[in-house]
1. With only alpha-carbon atoms counted, please give the Rg and Dmax of the range 130-195, in Å.
2. Stretched out fully, how many nm does the piece from Glu275 to Asn191 gain, at 0.36 nm a residue minus the Cα gap?
3. Report the FRET efficiency, 1/(1 + (r/R0)^6), for Arg69 and Ala207, where r is their Cβ-Cβ distance and R0 is 35 Å, rounded to 0.05.
4. Return the loop-located chymotrypsin sites (Phe, Trp or Tyr not before Pro) in the range 82-154 (DSSP other than H, G, I, E, B) with at most 11 other Cβ atoms within 10 Å of their own Cβ; answer none if there are none.
5. In whole Hz, with x marking every Gly and Pro, tabulate ³J(HN,Hα) for the range 346-354 from phi via Karplus 6.51 cos²θ - 1.76 cosθ + 1.60, θ = phi - 60°.
6. Ser200 to Asp395: extension gain in nm, 0.36 nm per residue of separation minus the Cα-Cα distance?
7. Mind checking which of Leu64, Met82, Ala107 is farthest towards the positive end of the range 11-112's charge dipole, using Cβ charges of +1 (Lys, Arg) and -1 (Asp, Glu) about the Cα centre?
8. Tabulate in residue order the Karplus-calculated ³J(HN,Hα) for the range 166-182, using 6.51 cos²θ - 1.76 cosθ + 1.60 with θ = phi - 60°, rounded to whole Hz; enter x for Gly and Pro.
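The values are calculated or read from the model by the stated rules, or taken from the named source; none is laboratory data. Everything quoted here is computed from the prediction, not taken from an experiment. Cβ coordinates were reconstructed from backbone atoms using ideal geometry, including for glycine residues, and neighbour counts include every protein chain displayed. Ligands, DNA and RNA are excluded from the accessible area calculation, which covers all protein heavy atoms including side chains. Shrake-Rupley method; radii C 1.70, N 1.55, O 1.52, S 1.80 Å.
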Amino acid sequence: MNIAVVGTGYVGLVTGTCLAETGNKVVCVDINQQKVKMMQEGHLPIYEPGLEQLFHRNIIQERLHFTTRLEEAIEDAEVIFMALPTPPGADGSADLTYILNASADIARLIKGYKVIITKSTVPVGTADMVKEVFEANTSIEVDVVSNPEFLREGVAVEDFMRPDRIVIGTESDKVKVLLSRLYQPYVRQGNPIIFMDQRSSELTKYAANSFLATKITFMNEIANLCEKVGADVDMVRLGIGTDDRIGKRFLFSGIGYGGSCFPKDVQALSKSAIENQYDFKILNAVMDVNEKQKSIIVKKAVNYFNNDLSGLKFAVWGLAFKPETDDIREAPAITVIRELLAAGATVTAFDPEAINNFDNYTNLPVSYGQNPYEVLDGADALFILTEWAVFRNPDFDQIQNRLKNKVIFDGRNLYDVTSMEQLGFYYNSIGRPLANVTSHAATYGHDSSK
């Protein structure tokens, strides 16, 4: 098929590249001239494992093209995907400006029947609004479809090429035949293509992300309770995760969720509920707990260092909101580092991919290292904020030799508590027993004997 993808963020670029990989001719369009030029020259603007190989292969084989001209992108397209930002507005609701403006632009340019697919995460009723925009700007027939993405950053290519399910909101038999053919290469193992009405499809995406965010938040609450009662959250996780009704995924405690999806989608669903006079109490609690969870690891440090972080130096491992991505949107690391700096500490940080994004986005006075170990030199403690694989089996001899104190605050529970105790570390994680707590004075001071 001839396909146009409007917008080349994570969703748009992965969607366009993966659709080209199965033989379709795809034109991706974006208003950012510098970004388009970069892609035309064969350079990816994002880090996403597995994407680069497909990106280059489909450019070379002339199935994947990039342009800044909307008319050029949609001229021959049978299907037009809109993968545009829907950022939260001041009141928390999703801002549909990009979607609706693009719809009007497309409507004024089309010369024949098109299938218009909203790939972005949008509130219930957006398909109706898009349809109204087309009716106001053209007499040409279009079918407006909701087809939410379920891509996880870090494994987005795998998610697209082998999806758990594909959800399509349409009541058009013609569209069902067309999209069944388009998506057939991705569901050869029998995973379902689920057709439903547009409103149900739109709500499905918000419901999925909000449920996962709730699951994470519940385990963080359990972790906090574990610290009060002397239980181990990892044991609790194993005990409940083996129940098929609960499942093993999204049960790891830590310093909260972040990224471009969960925070925005939970907030938008809560706002949508308010607009429809429904008090969605559990979502309000999820947002409140998650925000507080980001600061828990700083409170642990404050308690350890006798309520005074001024003049201390801290090393940070991990800036991205999750491993295998350079995305720092709503990353807990932002909150943690801001609070450490506000308390008078200095911070040196390392992340395998997200340093440039973090530096450009936050403009915080943080220094950065080229590897995990050089940021440790002379630091009073190490904070682990992202569970990158490179941090899972480090050289503990180097850590001990470079840190001023053998102190680790682990926001992602990477290490075995007993092993850390044997190595002589003060190791404070989330919801688990402390390692070697008795070997450190509770009244840690800033004198030369510390």
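1. Both quantities, over Cα of the range 130-195: 14.3, 42 Å.
2. In short, 26.7 nm is gained.
3. Working from the Cβ atoms, E equals 0.40.
4. Values: sites: Tyr98, Tyr113, Phe134, Phe150; in loops: Tyr113, Phe150.
Answer by residue number: Tyr113.
5. Taking θ as phi minus 60°, the curve returns 10, 10, 10, 9, 9, 8, x, 9, 9 Hz for the range 346-354.
6. Numbers: separation 195, 0.36 × 195 = 70.20 nm, distance 5.02 nm.
Full extension from Ser200 to Asp395 adds 65.2 nm.
7. Farthest along the dipole direction, towards plus: Leu64.
8. 10, 9, 10, x, 7, 10, 8, 5, 4, 5, 4, 5, 4, 6, 4, 5, 4
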